[in-house]
């Protein structure tokens, strides 16, 4: 090159230095990838990369909301109760009894809540002990679905 000026030489040297730095960075990245591949088999890569759980607005800490195997951050509530009515088609009414301490007097009291539960196969009958799971609203009152019949009525 006949018209090499000091400015052109500086830019050429800077370009060469940048190329060398990029090559070094690529070599370092390949070394890290090789090291990681040697430590874990290919199917365990997901287990090695921690995925932060998304915080939902207004999420509450609850014993029924522990994480499950499907990757959901917040499981649906699960309750057990007794079927008190099966007169409707594909719907049963389940009475869920909770024991809570009275806030002022400290005595343990039973609180019963009636849940309208979707039972698509009409398998549950009056007196059965069932497990229900929270779901999206299915009708005006139905917000639960039947997951299993634990014990049949005698």
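The table below lists the values:
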quantity: Rh by Kirkwood over Cα pairs, then Stokes-Einstein D for segment 76-151 at 1.002 mPa s and 20 °C, µm²/s; calculated: 167
quantity: Length released on extending from residue 78 to residue 131, taking residue separation times 0.36 nm less the Cα-Cα span; calculated: 18.4 nm
quantity: Linear extension gain, residue 88 paired with residue 34, 0.36 nm per residue minus alpha-carbon span; calculated: 13.2 nm
quantity: Estimated inter-spin distance, residue 110 and residue 12, nm [label 7 Å along Cα→Cβ]; calculated: 9.3
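Each reported figure results from applying straightforward, stated rules to the coordinates on display, with no laboratory input. Since the structure is predicted, the reported quantities are computational estimates derived from the model, not experimental observations. All Cβ positions, glycine included, derive from the backbone under ideal geometry; neighbour counts span all protein chains shown.
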